[in-house]
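Student: Below you'll find the structure I mean.
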Amino acid sequence: MDLIAFMTAPAFQYGVLPVAIFLARIIDVSMGTVRVIFIARGVRFWASVIGFFEVIIWLLAIGQIMQNLTNWVCYAAYGFGFASGTFIGMAIENRLSIGKVMVRIVTRRDASELISALNDQDHRVTIVPAKGIRGSEVTIIMTVIKRIELTKVADTIRQFNPKAFYTVEDVRFVSRDILGRNGPGPLRKSASWFRLWTGKK
């Protein structure tokens, strides 16, 4: 069987081709989701690299759709691939745990043990006395951490002050490196041009 006969066969048109479109959409939408998240984090270099491959894969997928406008299976594969790619892209970003977040903790209890535990984990904290909704005395604890450390910090909060209220916010830029007491390494100091393109602070 020659190539043209194979590509026009029903097994290809309603089997191989829809699966290929489905997989292509999963890949390009996953990359697009990660790219948008990278842009939000200020990681410009990798966002550009991902965008290059993302649009090429998308062109291949949409090209096959345009050549098979009467094939409803391709349309379904295109839609399912988009939905699956969105989900997978978010899962990938969650695994990568890129960027920094601010954790803001509001507690009525004595927070000295919690603060000590955070300090032991090399997290620098800012403590602000405040008043609650009914005028009660509360303490606000704020710290900027790497996103990958969020689960550990949340566990620490629940361990030392399980009733504390806390929120997590994305941080795009930190004026200086406060994430660790040793400071940036020599490679990072010398690679200012790379930081400019990657968006790393």
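The values are calculated or read from the model by the stated rules, or taken from the named source; none is laboratory data. Small disclaimer: the values here were computed from a predicted structure and weren't measured. Heads up, the Cβs are rebuilt from the backbone with ideal geometry, glycines too, and the neighbour counts pull from every protein chain shown.
Student: Exactly one condition in (1) crowded, with 17+ Cβ neighbours inside 10 Å; (2) modelled with pLDDT of 85 or more; (3) under 25 Å from Trp46 (Cβ atoms) is not met by Ala83; state its number.
Tutor: (1)
Student: Still on this model: Output the residues belonging to region 128-150 that are on the phi < 0 side of the Ramachandran plot and surrounded by fewer than 13 Cβ atoms within 10 Å (Cβ to Cβ). Can you show your working first?
Tutor: First, the residues of region 128-150 that are on the phi < 0 side of the Ramachandran plot: 128-134, 136-150.
Across region 128-150, the qualifying residues are Val128, Pro129, Ala130, Lys131, Gly132, Ile133, Arg134, Ser136, Glu137.
Student: Here is a further query. How many residues, within region 1-38, are at pLDDT below 85 and surrounded by fewer than 19 Cβ atoms within 10 Å (Cβ to Cβ)?
Tutor: Summing the residues that are at pLDDT below 85 and surrounded by fewer than 19 Cβ atoms within 10 Å (Cβ to Cβ) in region 1-38 gives 15.
Student: Go through region 106-156 and report how many residues are part of a strand (DSSP E or B) and either more than 27 Å from Phe173 (Cβ to Cβ) or not assigned by TED's automatic domain parsing to the domain that holds Val174 (or both).
Tutor: Residues that pass the stated criteria total 5.
Student: Does Val73 fit the bill of being under 30 Å from Val138 (Cβ atoms), hydrophobic (A, V, I, L, M, F, W, C) and surrounded by 15 or more Cβ atoms within 10 Å (Cβ to Cβ)?
Tutor: no
Student: Can Arg109 be described as at pLDDT below 90 and farther than 18 Å from Arg147 by Cα?
Tutor: For Arg109, the condition - at pLDDT below 90 and farther than 18 Å from Arg147 by Cα - is met.
Student: Pick from region 33-80 the residues that are outside any helix (DSSP H, G or I) and without any contact (Cβ under 8 Å) to a residue 24 or more places away in the chain: which of them is nearest to Ala91 (Cα to Cα)?
Tutor: Leu69
Student: Continuing with this model, one more query. Count, please, the residues in region 151-163 that happen to be in contact with a strand residue (DSSP E or B) (Cβ under 8 Å, 6 or more places away or on another chain) and either at pLDDT 90 or above or surrounded by 19 or more Cβ atoms within 10 Å (Cβ to Cβ) (or both).
Tutor: Here is the first cut: in region 151-163, the residues in contact with a strand residue (DSSP E or B) (Cβ under 8 Å, 6 or more places away or on another chain) are 153-154, 157, 161, 163.
Subset that is either at pLDDT 90 or above or surrounded by 19 or more Cβ atoms within 10 Å (Cβ to Cβ) (or both): 153-154, 157, 161.
Within region 151-163, residues that are in contact with a strand residue (DSSP E or B) (Cβ under 8 Å, 6 or more places away or on another chain) and either at pLDDT 90 or above or surrounded by 19 or more Cβ atoms within 10 Å (Cβ to Cβ) (or both) number 4.
Student: Has region 165-187 got any residue that is part of a loop (DSSP other than H, G, I, E, B) and modelled with pLDDT of 80 or more?
Tutor: There is no residue in region 165-187 that is part of a loop (DSSP other than H, G, I, E, B) and modelled with pLDDT of 80 or more.
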